[in-house]
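Q: This is the structure, below, for whatever I ask next.
The values are calculated or read from the model by the stated rules, or taken from the named source; none is laboratory data. Everything quoted here is computed from the prediction, not taken from an experiment. We place every Cβ from the backbone using ideal geometry, glycine too, and count neighbours over all the protein chains shown. These area figures cover heavy atoms from the full protein model, side chains too; ligands, DNA and RNA do not enter into them. Shrake-Rupley method; radii C 1.70, N 1.55, O 1.52, S 1.80 Å.
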Amino acid sequence: MGRVRFLIALWGAKCARLALKLLRRNATYFPGFLALKLCPNFLRYVGKPKKIVAVTGSNGKTTVSNLLNDVLTGRGHRVLNNQLGSNVAAGIATSLLSGCTLFGKTKYDMAVLEVDERSSKRIYPYVKPDYLIITNLFRDSPMRNAHPQYIASFIEGTVPAATRLILNADDLISSGICPENPRVYFGIDRMKTDVTKCVNLINDVQICPVCCGELEYDYRRYHHIGKAHCTDCGFKSPESDYFATDVDTEAMTMTITDKDGGMSYRLLSDSIFNIYNVLTAVAALRELGLTHEEIKAGLDKTKIVETRFNAQKAGDVTVVMQMSKDKNALAGSRAFDYISGLPGKKELILMMNCIHDQQHWSENVTWLYDCDFEFLNNENITRIVATGPRAKDYYLRLLFAGVPEEKIRCTLSEMDAPALLEYNAGESVCLFYGTDALDLVYRVQGKIKALAQEASGR
Amino acid sequence: MKIEILYPEICYLYGDLMNVEYLHRCLPEAELVRTSLKTPPAFLSGDVDMICLCSMTERAQELVIEALRPHREKIIELIDSGTVFLATGNALEIFIKDIENEDGSKLEALGLFDLTAKRRMLDRYNALYLGKFGDIDIVGLKSQFAHAYGDGGDALFETVRGAGRNPEAKPEGLRKNNFMATYVLGPLLIMNPPFTKYLLELLGAGDRPLAYEQAAMDSYELRLKEYSDPKRGFIY
């Protein structure tokens with residue numbers, strides 16, 4: 001009966017997928033959703049490739065999945081992926097059903113699947129990964145994700161015992177997951193910009209996970225990412241099997257060494273997140289049996305599509321678009337740190353409000369006080385406009401961060417915000433925006449560009 | 001004046017630590033004492049004016065209960081003698097009878113108030129909060145896995161909209177003398193300048209201006225207007 005039900009679900013979902021494609025609609029979620037509705041055990045029955053690599057974590061899972069996919073397909077593998085679709089159970093089901101025959105047999109020899117951390121319980125019991133990459137675990141939305149230990153609990157207990165874990169040695173939250181599973185670690189050697197004392201408000205690993213003693217950081221990159229040891233019991237961060245050294249963001253190179261030797265790799269971006277992403281991909285590809293030379297050749301043909309940062313000239317002004325996921329203090333902190341560190345004078349507009357939340361309730365703003373607005377108290381930042389429904393909260397938070405009152409402007413109307421900036425030749429204007437209400441974001445961007453052009457013509 | 005923050009290395013979620021930072025900016029002369037798990041609390045020496053405990057993970061709740069259990073009698077003595085306490089978010093649960101998991105297992109807490117918190121780890125409660133503290137309007141947010149049930153004695157706030165100690169209860173939080181505990185997040189003191197003024201007077205700081213008072217009041221008044229709008233949805 002189970003098999004019959006599965007086939008009905010498969011055919012129904014395949015028809016739905018075909019119909020959506022004919023209608024030129026996105027067919028990356030609904031077919032899998034339908035399949036799971038018709039047959040809750042769909043993931044158990046659907047054919048899976050012989051080798052499955054799952055990629056999960058708070059940051060970098062899409063980029064790492066894309067890098068793996070690019071290198072592996074470049075080497076001639078038929079790789080099933082959910083690159084264009086959803087990373088929850090329905091999205092995984094859609095990918096698997098689209099990659100199988102009418103009788104449910106897979107047409108692929110390998111899968112690289114990006115998996116939402118919270119969906120682990122619905123996926124791993126059926127889609128058993130040979131390798132599970134956990135990029136890192138950080139705080140996300142306080143409403144959905146609470147805290148990283150909560151997210152870790154979704155992964156703990158669902159990963160099959162034989163799954164080999166590829167973990168971040170520099171992240172003491174994810175590196176301790178599923179201690180009985182076979183594992184390798186990747187990490188980055190001390191960098192020039194590392195510190196020992198935490199400069200961030202979010203600092204989620206301050207005590208030893210073994211004895212609760214005080215952790216001392218040998219070096220710290222940001223938040224809890226770094227290398228630490230316990231002064232009481234001797235616990236320490238794991239040693240890296242894939243270790244990046246000599247990270248050079250000017251020459252855009254780093255060396256990755258493992259038990260078989262090392263190789264100099266090109267950095268695909270100078271952001272620390274993307275340096276980790278390349279290292280993670282190299283570690284996974286080495287585990288899959290590729291040589292350093294093969295990986296390097298593959299990575300040299302790829303690039304990271306930067307979706308969160310974009311800079312364009314409008315007249316004599318550079319207009320920077322910086323996405324910062326809404327209600328995510330960590331994303332905000334990283335974005336503020338990055339932008340404030342860019343050379344040159346700049347003016348900012350903050351509109352990371354959840355516009356959709358505002359339509360039916362009111363945004364949970366507790367994250368504002370976990371986010372490092374203090375990075376914006378910087379002499380190169382000459383003006384900040386707080387805008388949107390939560391503009392007054394941003395204004396108060398900026399004062400709290402020590403930003404001088406005379407630098408801050410405040411308006412509830414996003415479309416009025418661009419007029420509150422000056423547009424000085426050779427300087428930048430940066431718009432921080434959230435992931436919802438992109439239409440409004442583009443309208444504000446258009447107005448910024450128009451005003452910048454106008455100022456340049458004067 | 002001395003303000004003690006208990007275990008900030010594990011009690012730091014949802015911006016709650018900024019309540020204490022805000023108090024300090026309003027009372028720059030106050031001494032902040034940060035007590036870690038490995039050091040004895042400063043309140044044992046008896047010269048602390050206020051004790052703060054912030055939101056934490058579920059594992060941290062276990063550690064905090066374990067750390068404070070030996071000092072239970074001293075805490076009772078301090079509450080009876082009028083020391084100011086402020087526990088926010090799930091720090092409230094440290095002081096009640098117990099915390100019950102979905103599988104029926106229980107974590108015994110300090111047992112100062114006759115309430116049981118029932119955790120629902122797959123059913124996180126996210127909502128807005130509008131309540132009253134005497135004549136003062138209170139606004140805030142809730143984001144929690146547990147609600148408290150039972151007769152815990154006097155409430156800190158009386159709920160106008162949203163959930164009290166649990167979705168069916170109007171009383172919110174706990175109040176005994178100057179002991180105050182609430183599930184309301186915000187951070188509470190930054191989001192509620194009139195309540196912060198009350199707290200400063202309670203601490204003997206007199207009627208003094210708050211840090212960033214005008215900006216805090218502007219934000220508070222806008223939020224109060226929003227939350228008082230009957231058309232505004234309250235539960236996420």
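Q: Please indicate, with yes or no, whether at least one residue in region A:224-242 is modelled with pLDDT of 95 or more, within 20 Å of the chain's Cα centre (by Cα), open to solvent by less than 10 Å² (accessible area, probe 1.4 Å) and on the phi < 0 side of the Ramachandran plot.
A: yes
Q: Test B:P194 against the stated conditions and say whether it is surrounded by 15 or more Cβ atoms within 10 Å (Cβ to Cβ), out of contact with any Leu (no Cβ under 8 Å at 6 or more places or on another chain) and either closer than 29 Å to B:E29 by Cα or within 14 Å of another protein chain (Cβ to nearest Cβ) (or both).
A: Details: surrounded by 15 or more Cβ atoms within 10 Å (Cβ to Cβ): yes; out of contact with any Leu (no Cβ under 8 Å at 6 or more places or on another chain): yes; either closer than 29 Å to B:E29 by Cα or within 14 Å of another protein chain (Cβ to nearest Cβ) (or both): yes.
When the stated conditions are applied, B:P194 passes them.
Q: When region B:208-225 is examined, which residues are found to be at the interface with chain A (Cβ under 10 Å from one of its Cβ atoms) and open to solvent by less than 20 Å² (accessible area, probe 1.4 Å)?
A: Listed by number, the residues that qualify are B:A211, B:A215, B:A216, B:S219, B:Y220, B:R223.
Q: While we're here: Among the residues of region A:378-402, how many are open to solvent by 20 Å² or more (accessible area, probe 1.4 Å), under 21 Å from B:L222 (Cα atoms) and more than 10 Å from every other protein chain (Cβ to nearest Cβ)?
A: Counting residues in region A:378-402 that are open to solvent by 20 Å² or more (accessible area, probe 1.4 Å), under 21 Å from B:L222 (Cα atoms) and more than 10 Å from every other protein chain (Cβ to nearest Cβ) gives 0.
Q: Is region B:122-137 home to any residue that is part of a loop (DSSP other than H, G, I, E, B) and open to solvent by less than 20 Å² (accessible area, probe 1.4 Å)?
A: Going through region B:122-137, the residues part of a loop (DSSP other than H, G, I, E, B) turn out to be B:122-124, B:134-135.
With open to solvent by less than 20 Å² (accessible area, probe 1.4 Å) added as a condition, the list becomes none.
No; the residues of region B:122-137 include none that is part of a loop (DSSP other than H, G, I, E, B) and open to solvent by less than 20 Å² (accessible area, probe 1.4 Å).
Q: Also, quick follow-up: Just the residues that are over 28 Å from A:D393 (Cα atoms) and open to solvent by less than 10 Å² (accessible area, probe 1.4 Å), please, taken from region B:166-189.
A: B:F179
Q: To continue, here is another question. Considering every residue within region A:175-191, establish whether at least one is outside the structural domain of A:F375 (by the TED database), under 21 Å from A:L330 (Cα atoms) and in contact with a Gly (Cβ under 8 Å, 6 or more places away or on another chain).
A: Scanning region A:175-191 turns up no residue that is outside the structural domain of A:F375 (by the TED database), under 21 Å from A:L330 (Cα atoms) and in contact with a Gly (Cβ under 8 Å, 6 or more places away or on another chain).
Q: For the subset of region B:181-191 comprising residues that are within 9 Å of chain A (Cβ to nearest Cβ) and outside any strand (DSSP E or B), which member is nearest to B:L23 (Cα to Cα)? Outline the logic, then answer.
A: Let us first name the residues in region B:181-191 that are within 9 Å of chain A (Cβ to nearest Cβ), namely B:185-187, B:190-191.
Those left that are additionally outside any strand (DSSP E or B): B:186-187, B:190-191.
Working: B:G186: 14, B:P187: 11, B:I190: 9, B:M191: 12 Å.
Looking at residues that are within 9 Å of chain A (Cβ to nearest Cβ) and outside any strand (DSSP E or B), I get B:I190.
Q: Return the pair list, or none, for Cβ contacts closer than 7 Å from residues in region A:98-117 that are under 16 Å from A:W11 (Cβ atoms) to residues that are assigned to a strand (DSSP E or B) and among the β-branched types (V, I, T), at least 6 apart or on different chains.
A: Cβ pairs passing all conditions: A:G99/A:T106; A:C100/A:T106.
Q: Could you tell me which residue of region A:347-370 is surrounded by the fewest Cβ atoms within 10 Å (Cβ to Cβ), considering only residues that are in a strand (DSSP E or B) and not β-branched (V, I, T)?
A: A:E347
Q: Taking B:L53 and the conditions (1) surrounded by fewer than 19 Cβ atoms within 10 Å (Cβ to Cβ); (2) closer than 21 Å to B:Y183 by Cα; (3) away from every other protein chain (no Cβ under 14 Å), which numbered condition does it fall short on, given that it satisfies the others?
A: (1)
Q: Go through the residues of region A:329-346 one by one and say whether even a single one is open to solvent by 20 Å² or more (accessible area, probe 1.4 Å), touching a residue at least 12 places away in the same chain (Cβ under 8 Å) and within 14 Å of chain B (Cβ to nearest Cβ).
A: Scanning region A:329-346 turns up no residue that is open to solvent by 20 Å² or more (accessible area, probe 1.4 Å), touching a residue at least 12 places away in the same chain (Cβ under 8 Å) and within 14 Å of chain B (Cβ to nearest Cβ).
Q: Right, another one. Name every residue in region A:26-50 that is over 24 Å from the mean Cα position of the chain (by Cα) and not in a helix (DSSP H, G or I), in order of residue number.
A: Within region A:26-50, A:C39, A:P40, A:N41, A:V46, A:G47, A:K48, A:P49, A:K50 meet the criteria.
Q: Right, another one. Within region B:85-121, which residues are within 14 Å of another protein chain (Cβ to nearest Cβ), closer than 30 Å to B:L203 by Cα and open to solvent by 20 Å² or more (accessible area, probe 1.4 Å)?
A: B:N90
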